[in-house]
There are 2 protein chains.
Amino acid sequence: MLQQLSAEELPKVEKEVIDFINTCTTHEELKKSMLYSIEAGGKRIRPLIVLATVRAFQKELTVPVYQTAGALEMIHTYSLIHDDLPAMDNDDLRRGKPTNHKIFGDALAILAGDGLLTGAFQLISETTLDSAENVLLIQLLAKAAGISGMVAGQAGDMAAEKHHVPLEDLKAIHRGKTGALLTYAFVAGGILANQTEYVIELLEKLGGHVGLAFQIRDDLLDVVSTTEELGKQVGQDEKSDKSTYPALLGIEGAKQALADELGQAETTIQQLMEVTEFQPEIFEELLALFTLEK
Amino acid sequence: MLQQLSAEELPKVEKEVIDFINTCTTHEELKKSMLYSIEAGGKRIRPLIVLATVRAFQKELTVPVYQTAGALEMIHTYSLIHDDLPAMDNDDLRRGKPTNHKIFGDALAILAGDGLLTGAFQLISETTLDSAENVLLIQLLAKAAGISGMVAGQAGDMAAEKHHVPLEDLKAIHRGKTGALLTYAFVAGGILANQTEYVIELLEKLGGHVGLAFQIRDDLLDVVSTTEELGKQVGQDEKSDKSTYPALLGIEGAKQALADELGQAETTIQQLMEVTEFQPEIFEELLALFTLEK
């Protein structure tokens, strides 16, 4: 099911984004720089969650769904470009390829990030959705990506690089840094599928657990993988003495924390089943993506 | 009239922005960094144009007007923070004070810019405006600030730093870099004052001329002012051998180009007077801000 979404539907999301960038960008190098990072691939987990959620509620995948999912991927991609900058994490490799600034220089990488971020709001505001629904999707996206969400999480993450922070602080950082956008993916899917407020709340809760699971898994992979397997440099966290789940809890403790989050996600799916009609298999398949084995 | 707007109404715009940042930001240093640049002052020309335009059409200045004007100022402020970065223009001084990254470091300056940009869309999406009007204001703001507007202009400006470009290219760059947001200020004012499409088109035209006038004046000031008068380093353009109006046309030629743009702005105001009721004095006062003497 997820495999089919990935193979057949994600390309439509990518097409919306690439067409939008090609149509709207009035500066050639800027366009190349943005497309370079968009086309670098990656797991597309955020747009996949949007599509999967809409589909789980047995609604049709329409152009506005692809556009919303695409806007979300644009925001995620901008955050990677800025995060990789020498002034930030100073990463040379991303998804197995040189990072944006290694190809286009720091200045254009900053602008490509700014362009993708701003473009995400343009793309999502140009959907044919009902205006009230459109404003809500924009508002929640800005909130998730911004100063109480991802940007705040990034700032917290940077500050935590030089010293170990308590587990609760680390969770708060990750709720912003990676959790907010992942949660938005579930919530946006629910809104696009016309679900009730209570269902949206449960989707938000589900997204919270999935978001933490994602980060714990990411931290663990940095310790247990090779650069080749991961497509980016491993051992970076330890090198920079960064606060991570494995650093705070040990590898076994982090594995347990991951299992706990996935368990709570399961429970939330059960709660969803009590209040609305949907296909739980899709969510089960999604959760499987966050196990360490996958 | 403009003086009264500046003194009594602009503080309300600032309050909306500062309250928003204080309420929403979940990371203390990030908050400080954003407030530092917002509170550094500046002429607030963009929000002033929004207020002046609404007032010219004799409409009330309401909270959504302040919020829209505030979102625009947030976008402008983010662009200054990113533009000043070592990877970009590498400026140490802005509005007479150290630039954001000189105080907070490059990483937090990047995030403060990202936060203000994202926050602008959050603030404007949280107004109590009618949803359709809200979506339109968001869409046009993203367009003006983004990959066919300001960000594209910045990319063009950077590329033009190392060699002189023809006048038409320079104009295109400036239409993006400074013109797009200034034009948005007039257009948003017109939308907030419920004007017809034709009036909005004329406001867009007016904004185009004012935008170019603004940039020519800015280029000229870099040549003829002292650092003390201007509150930022002068002579920067020449030092970097940047394409500017004075570099292309000479000082007298640039002064003439400025007069031409202001003349065409005057003509547009006359055209506006033929189709709608408004107080032209406010626009006249606005134009006076863009003369070299002011």
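Please treat every number below as a calculation from the coordinates, not as lab data. Since the model is a prediction, treat every value here as computed from it, not as a measurement. So basically every Cβ, Gly included, is an ideal-geometry build from the backbone, and we count neighbours across all protein chains shown.
Brief remarks follow.
- Within region A:98-151, the residues that satisfy the criterion of being of a type in the set (A, V, I, L, M), within 7 Å of another protein chain (Cβ to nearest Cβ) and part of a helix (DSSP H, G or I) are A:ALA107, A:LEU108, A:ILE110, A:LEU111, A:LEU117, A:ALA132, A:VAL135, A:ILE138, A:ALA142, A:ALA145, A:VAL151.
- Each residue in region A:39-72 was checked for being in contact with a Gly (Cβ under 9 Å, 6 or more places away or on another chain), within 14 Å of chain B (Cβ to nearest Cβ) and of a type in the set (A, V, I, L, M), and 1 pass.
- Complete set of residues in region A:189-219 that are out of contact with any Ser or Thr (no Cβ under 9 Å at 6 or more places or on another chain) and touching a residue at least 60 places away in the same chain (Cβ under 8 Å): A:ASN194
- Being among the small types (Gly, Ala, Ser) and more than 19 Å from the chain's Cα centre (by Cα) is a property that B:ALA145 lacks.
- Total residues in region A:152-170 satisfying the condition of being outside any helix (DSSP H, G or I) and aliphatic (A, V, I, L, M): the figure is 2.
- B:THR25 within 12 Å of chain A (Cβ to nearest Cβ) and either surrounded by fewer than 16 Cβ atoms within 10 Å (Cβ to Cβ) or touching a residue at least 24 places away in the same chain (Cβ under 8 Å) (or both): yes
- Note on region B:168-224: residues that are within 18 Å of B:GLN270 (Cα to Cα) and within 14 Å of chain A (Cβ to nearest Cβ) total 0.
- Scoring A:PHE20 on the criteria (1) in a helix (DSSP H, G or I); (2) more than 22 Å from A:LEU136 (Cα to Cα); (3) of a type outside the set (D, E, K, R) leaves a single failure, condition (2).
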